[in-house]
């Protein structure tokens with residue numbers, strides 16, 4: 001419930017105005033909580049509530065730290081819990097970042113496929129474990145790049161779909177206790193205005209409410225996509241690299257005696 005002092009419209013308007021300023025990049029120095037913390041994100045949530053409450057008070061002509069008209073918990077955090085706000089926020093942040101990432105990756109795939117066609121008859125020495133192996137075309141190498149990036153983009157897009165379920169309004173233990181009847185509906189509506197989509201995760205007890213696997217899977221897919229692209233760059237170096245590298249016409253100018261036997265390379269093995 002709102003504290004006494006100040007009309008609801010004025011308080012709400014001041015809080016929204018303060019939030020818009022934060023979204024525009026102001027008051028970055030006021031978010032002082034360390035990124036490493038235990039718990040569900042309460043420290044970050046209350047840091048944001050404090051900043052918004054103090055700035056909203058200033059907009060209403062009050063000094064910082066008084067909390068007579070706007071209180072961090074009663075006004076800013078009203079009807080919320082860290083246990084639903086923080087997961088919703090992190091999911092939206094990941095979704096907002098994943099969309100441009102997938103789009104950029106898809107555009108990169110198209111560029112790499114064009115280069116694959118362009119270099120289809122350019123011969124080079126294929127390498128593995130940083131040693132010469134067998135001939136291949138530069139087009140095949142770029143085709144490998146394209147396949148790698150495409151696979152990573154598909155994985156990220158698939159994982160992003162699982163993040164569209166938002167548990168906003170589930171409050172502390174996942175039952176929705178203390179939230180207004182229309183709070184979840186309005187929360188999803190605002191989420192859709194930011195991202196364009198968002199499904200209701202429904203009200204769940206503690207086990208479902210505390211599940212973080214879907215966010216972890218998206219981060220794992222992001223990291224895996226980066227690792228694959230890095231590995232392919234190492235596997236397919238530039239033409240003319242290595243000892244057996246002279247290519248004439250459509251044939252590799254290196255016989256079996258000049259091309260190191262793949263089975264005898266003494267390859268290093270990652271353990």
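Bear in mind that the values in this text are calculations on the coordinates, not laboratory data. In this text the structure is predicted, and so the values were computed from the model without any measurement. Neighbour counts are summed over all protein chains in view; Cβ atoms, including those assigned to glycine, are modelled from backbone coordinates with ideal geometry.
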For region 8-78, report the translational diffusion coefficient in µm²/s to the nearest whole number, using Stokes-Einstein at 37 °C, 0.692 mPa s, and a Kirkwood Rh over Cα pairs. 266 µm²/s
Burial ranking of peptide ranges 36-46, 152-162 (average Cβ count within 10 Å, highest at the top): 152-162, 36-46
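Quote the Stokes-Einstein diffusion coefficient, in whole µm² s⁻¹, for region 9-165, based on the Kirkwood radius over alpha carbon pairs, a temperature of 4 °C and a viscosity of 1.567 mPa s. Don't skip to the answer; put the middle values down first.
On the way: Rh = 19.8 Å.
Stokes-Einstein gives a translational diffusion coefficient of 65 µm²/s.
Full extension from residue 177 to residue 28: what is 0.36 nm times the residue separation minus their Cα-Cα distance, to one decimal in nm? Numbers along the way, then the final one.
On the way: separation 149, 0.36 × 149 = 53.64 nm, distance 3.26 nm.
Length difference between fully extended and current span is 50.4 nm.
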In vacuo Debye sum over C-alpha of region 120-200, base-10 log of normalised intensity I(q)/I(0) at q = 0.11, 0.23, 0.25 Å⁻¹, listed in q order, is -0.55, -1.04, -1.10
If I take all pairs of Cα atoms in region 140-186, what percentage of them are more than 16 Å from each other? 60 percent
